[in-house]
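Report on one structure; see the data block that follows.
The values are calculated or read from the model by the stated rules, or taken from the named source; none is laboratory data. Given the structure is predicted, the values throughout are model-derived calculations rather than measurements. Heads up, the Cβs are rebuilt from the backbone with ideal geometry, glycines too, and the neighbour counts pull from every protein chain shown. To get the accessible areas, we keep the full protein, side chains included, count just its heavy atoms, and leave off ligands, DNA and RNA. Shrake-Rupley method; radii C 1.70, N 1.55, O 1.52, S 1.80 Å.
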Amino acid sequence: MSLPDKKKIIVVLGPTASGKTALSIAIAKAFHTEIISGDSMLVYRGFDIGSAKPSMAEREGIVHYLIDILSPDASFNVTDFQRLAAEKIDDISDRGMLPIIAGGTGLYLKALLEGYEFNDEGGDKAYRAKLIKLGEEKGKAYVHGLLEKVDPQTAARLHVNDFRRVVRALEVARNGEHISSKRIDGALAYDAFVIGLNCDRQLLYKRINERVDRMIDAGLYEEVLGLIESGVPCAAQAMKGIGYRETVDCILGWLPLESLPEAIKLSTRHFAKRQLTWYRKMPYIHWYNIDEYDGDMLKERVITDIGRYFDGIKISN
């Protein structure tokens, strides 16, 4: 049941290759609204193939926000997303529409929905010193493993040797865990209907493998090579994304070209598992198993459920 006195939003999340884009567009058409991307990679211009960025044709005329808003070498974090997404929610709501957030970055979505207040200070010097000491004593991989436990999304983006960013990410994650939400009663910051897509693991892995094959065929190697030749540093934040970091390794000669597809598939499968681990921290998700529906049945079921939750909202035929 919908809640009063809070801005209404729809959220579509799930592991990579679970069908979030197609479903969010179907929902947007049904409710005559617009979509805000919740994916941390889609913000970067030029990072199209490896991020599975929906083309203009795939968007089917639906307005999308927070896509192609940053240069390839820019930084982007959870507080940036939280601020920009909140602004777009306000704008779309003020125009009488029901905003949709579509994406898979768990920390970003959790921070937005639960109203995290992050510390703007420069970090925790004592904690940072402790992490540096741990890196010296137990190795960088050990510290990277700590990040995987608290923020698997960021850990997937950062190489184990990118130690400075790993340490900084742990500081941010620590703040996120210890700084209380505005909603001390545990309620969400928005009146949200949160849709989670999932399926049998073997089917998900099959979808992931097929997506990676399509990326390779579409020219992922050439896309990354072109970005590097245009001056984007190999160490840029966006280059740490899955698909990009493996391709960079290939271009630098650290990974054989014939091993590239399987390397990306393996990383993506591991990433999907970490995404699902993160989503388990979000008990308010309404889960839908995509392998239980044929054709447009899933879209129809989700749209009907949204209409019931937001009682009185108009559904387009």
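Residues in segment 7-47 that are under 16 Å from residue 309 (Cβ atoms) and among the aromatic types (Phe, Trp, Tyr): 31 alone. If only residues of segment 59-93 that are modelled with pLDDT under 95 and of a type in the set (Asp, Glu) are counted, the one that is surrounded by the most Cβ atoms within 10 Å (Cβ to Cβ) is 80.
Here residue 133 clears all of (1) basic (Lys, Arg); (2) surrounded by fewer than 17 Cβ atoms within 10 Å (Cβ to Cβ); (3) within 21 Å of the chain's Cα centre (by Cα) except the condition numbered (3). Within the option set 35, 49, being under 18 Å from the mean Cα position of the chain (by Cα), surrounded by fewer than 22 Cβ atoms within 10 Å (Cβ to Cβ) and β-branched (Val, Ile, Thr) holds for one residue only, 49. In segment 66-79, the residues that are under 13 Å from residue 232 (Cα atoms) form Cβ pairs under 7 Å with partners that are among the small types (Gly, Ala, Ser) and not in a loop (DSSP other than H, G, I, E, B), at six or more places apart or across chains, as follows: 72/238. For residue 123, the criteria (1) on the phi > 0 side of the Ramachandran plot; (2) touching a helix residue (DSSP H, G or I) at 6+ places or on another chain (Cβ under 6 Å); (3) at pLDDT 85 or above hold in every case but one, which is (3). Please verify whether residue 54 is in a loop (DSSP other than H, G, I, E, B), modelled with pLDDT of 95 or more and open to solvent by less than 30 Å² (accessible area, probe 1.4 Å), treating the condition exactly as stated. Yes. Here the condition is being surrounded by 21 or more Cβ atoms within 10 Å (Cβ to Cβ), under 20 Å from the mean Cα position of the chain (by Cα) and touching a residue at least 60 places away in the same chain (Cβ under 8 Å); of 238, 189, it holds for 238 alone.
Taking the listed residues 295, 307, the one that is assigned to a loop (DSSP other than H, G, I, E, B) and either open to solvent by less than 70 Å² (accessible area, probe 1.4 Å) or not hydroxyl-bearing (Ser, Thr, Tyr) (or both) is 295, with no other qualifying.
The single condition among (1) open to solvent by 30 Å² or more (accessible area, probe 1.4 Å); (2) modelled with pLDDT of 95 or more; (3) at positive phi that residue 5 does not satisfy is (2). Across segment 94-118, the qualifying residues are those that are in a loop (DSSP other than H, G, I, E, B), under 29 Å from residue 272 (Cα atoms) and open to solvent by 20 Å² or more (accessible area, probe 1.4 Å), and the one among them that is modelled with the highest pLDDT is 116.
Candidates are the residues of segment 257-286 that are out of contact with any Asp or Glu (no Cβ under 8 Å at 6 or more places or on another chain), open to solvent by 20 Å² or more (accessible area, probe 1.4 Å) and outside any helix (DSSP H, G or I); the one that is nearest to residue 217 (Cα to Cα) is 280. Somewhere in segment 152-162, is a residue modelled with pLDDT under 85, open to solvent by less than 40 Å² (accessible area, probe 1.4 Å) and among the β-branched types (Val, Ile, Thr)? Within segment 152-162 (the criterion being modelled with pLDDT under 85, open to solvent by less than 40 Å² (accessible area, probe 1.4 Å) and among the β-branched types (Val, Ile, Thr)), the answer is yes, since at least one residue qualifies. Select from segment 200-234 the residues that are closer than 18 Å to residue 41 by Cα and open to solvent by less than 40 Å² (accessible area, probe 1.4 Å) and list them in ascending order. Passing the criteria: 208, 212, 215, 219, 220, 223, 224, 226, 227, 232. The lone criterion from (1) closer than 18 Å to residue 157 by Cα; (2) assigned to a loop (DSSP other than H, G, I, E, B) left unmet by residue 253 is number (1).
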